[in-house]
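See below for the structure under consideration.
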Amino acid sequence: MSPPGTSPLAAAETADHAANHAMRWWILAVLGVAQLMVILDNTVVNIALPTAQHALGFSNADRQWVVTAYSLAFGSLLLLGGRIGDLFGRKRTLIIGLAGFAGASAIGGASVNFPMLVTARTVQGAFGALLAPSVLALLTTTFTDLRERGQAFAIYGGIAGAGGALGLLLGGILTSYASWRWTLYINLVFAAVATIGALLWLKNDKAADRDPLDIPGLLLVTSGLFCLVYGFSHAETTAWSNPFTIGFLVVGVILLAGFALLELRVPYPLLPPRVVRNRTRGGSILAMLFASIGLFGVFLFLTYYMQETLKFSPVKTGIAFLPMIAALAGMAQVSNRVLLPRLGPKVIVPTGLLMNAAALYLLHRVGLHSSYASHVLPYLLLLGLGFGLSLAPSFSTGTLGLKPGDAGVGSATLNTSQQVGGSIGTALLNTLAAGAVTAYLTGRAITPANLQAAALHSVWCDASLNCMAVGNWDVFMTRPWN
């Protein structure tokens with residue numbers, strides 16, 4: 001029985017949350033599969049791009065749009081996706097997101113030309129933006145007990161951090177032994193499992209926020225994020241001095257600044273200021289941004305190094321990342337379940353980021369004749385431990401204390417910082433890599449040995465930048481969060 005005076009809507013909310021709590025570990029499995037599908041898609045397709053390019057006959061200039069189209073749709077629509085979940089219930093948005101993502105993946109896998117593939121990737125990104133905030137919001141509202149919350153977010157953080165490396169492994173296996181098309185078809189398996197689980201065990205949170213949608217804020221933030229992500233992607237393929245790069249980045253910053261000012265004045269903001277004003281949550285969002293810059297750079301440039309310098313196959317490259325995944329998953333459990341309750345985030349998160357910085361700095365020692373066991377594996381293990389200390393607790397503390405009506409948009413904000421961080425890292429580091437190669441080859445003969453040394457020089461340059469980007473966050477983290 002509900003207490004006297006309880007509204008039917010509140011009673012329904014209480015009953016649904018109780019039903020979700022009773023099935024919470026099964027729900028965690030469902031959410032883990034859904035999250036793994038989204039994270040895998042950031043890297044699993046990358047491995048297959050050269051094969052897909054050969055099969056469909058598109059140019060090198062067009063190739064980057066297979067990745068960029070997904071990133072643009074995903075990054076710019078995340079806040080809208082989170083808000084839709086708050087308005088209509090996360091079970092509905094989760095299932096719609098899974099179905100749409102699977103359908104777009106099937107179309108992409110069956111592509112007969114480049115426009116069909118890029119369109120499918122764009123639709124994938126849009127449904128991913130609906131899906132990802134719902135996953136994190138459901139996790140937030142299902143696990144309310146602090147001890148169990150630590151266990152759940154340790155698993156989630158491990159999946160979020162290690163999914164990219166697993167994507168490299170899975171992409172290499174599927175491309176080598178099946179077809180590049182299976183890097184997209186595999187999403188149908190993940191989506192089917194997660195959808196069946198959601199239908200069996202999830203109750204819809206009917207009492208989600210019903211405030212009117214902030215249309216001006218939606219237009220500003222969607223346009224701003226689009227311009228920002230596109231600007232970084234454009235810099236990756238042209239230059240930071242390119243007028244279009246500068247124009248899109250400047251317009252993106254202006255639009256997002258306008259969005260921030262608008263949200264302070266409207267009665268029903270898309271992103272309520274209370275969500276980001278909490279210092280713990282704000283610190284977690286920034287930590288996610290900086291850590292993602294380093295994480296995406298690691299996957300990108302170590303993949304280049306292992307395949308081009310160490311001559312690893314795509315499958316062997318993916319296997320080489322497994323120790324990092326194991327270290328990350330193990331430390332995610334320790335950090336969320338043991339260290340976070342005892343030490344708090346302002347100790348363990350910067351410690352993890354500094355460990356990342358140290359590992360990235362030590363990657364300067366790799367050379368043309370270095371071995372994986374002596375010069376890559378130790379630093380991969382250190383990186384895994386560092387990301388386990390920083391990423392997993394950031395997911396937990398970044399959503400801690402959110403009201404049920406704010407869980408979707410709060411989760412979307414955290415996902416947005418991760419996506420924008422990945423876009424910044426990839427674009428900035430790729431640009432520096434190209435500049436380092438050019439600078440190294442200036443005045444040198446274009447020989448195979450010099451080309452290989454130039455490629456290695458670009459990895460050194462990017463490891464240095466990753467180190468600074470991750471390590472400098474410690475300055476912000478030394479202030480108390482609460």
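The values are calculated or read from the model by the stated rules, or taken from the named source; none is laboratory data. Worth saying up front: this structure is predicted, and the values here are computed from it rather than measured. Neighbour counts are summed over all protein chains in view; Cβ atoms, including those assigned to glycine, are modelled from backbone coordinates with ideal geometry. These accessible areas exclude ligands, DNA and RNA; they are computed on the full protein's heavy atoms, side chains included. Shrake-Rupley method; radii C 1.70, N 1.55, O 1.52, S 1.80 Å.
For this structure, a couple of remarks:
- Residues of the range 341-369 classified as under 27 Å from Thr309 (Cβ atoms) and open to solvent by 40 Å² or more (accessible area, probe 1.4 Å), total: 8
- Looking across Ala198, Ala191, Ala160, Ala165, one residue alone is part of a helix (DSSP H, G or I), of a type in the set (Gly, Ala, Ser) and touching a Lys or Arg at 6+ places or on another chain (Cβ under 7 Å). It is Ala198.
- Search result, residues across the range 370-415 that are open to solvent by 20 Å² or more (accessible area, probe 1.4 Å), among the aliphatic types (A, V, I, L, M) and either under 22 Å from Val276 (Cα atoms) or not in a helix (DSSP H, G or I) (or both): Leu400, Leu402
- Matching residues in the range 215-243 - criterion: being in contact (Cβ under 8 Å) with a residue 12 or more places away in the chain, of a type outside the set (Ser, Thr, Tyr) and more than 13 Å from Leu72 (Cβ to Cβ): Pro216, Gly217, Leu218, Leu220, Val221, Ala235, Ala239, Trp240
- Pick from the range 310-324, criterion open to solvent by 20 Å² or more (accessible area, probe 1.4 Å), among the hydrophobic types (A, V, I, L, M, F, W, C) and in a helix (DSSP H, G or I), ranking: modelled with the lowest pLDDT: Val315
- Scanning the range 179-203 for residues that are open to solvent by less than 40 Å² (accessible area, probe 1.4 Å) and touching a Gly at 6+ places or on another chain (Cβ under 6 Å) yields a count of 2.
- Assessment of the range 76-88 against the conditions (among the hydroxyl-bearing types (Ser, Thr, Tyr) and open to solvent by 10 Å² or more (accessible area, probe 1.4 Å)) yields no matching residue.
- Residue that is nearest to the chain's Cα centre (by Cα) [pool: residues in the range 110-135 that are more than 19 Å from Ser71 (Cβ to Cβ) and either open to solvent by less than 40 Å² (accessible area, probe 1.4 Å) or not polar (S, T, N, Q) (or both)]: Ser134
- Note on the range 47-68: among residues that are open to solvent by less than 10 Å² (accessible area, probe 1.4 Å) and of a type in the set (Gly, Ala, Ser), the one that is farthest from Phe296 (Cα to Cα) is Ala52.
- Filter result for Phe296 (of a type in the set (Phe, Trp, Tyr), under 19 Å from the mean Cα position of the chain (by Cα) and modelled with pLDDT of 85 or more): no
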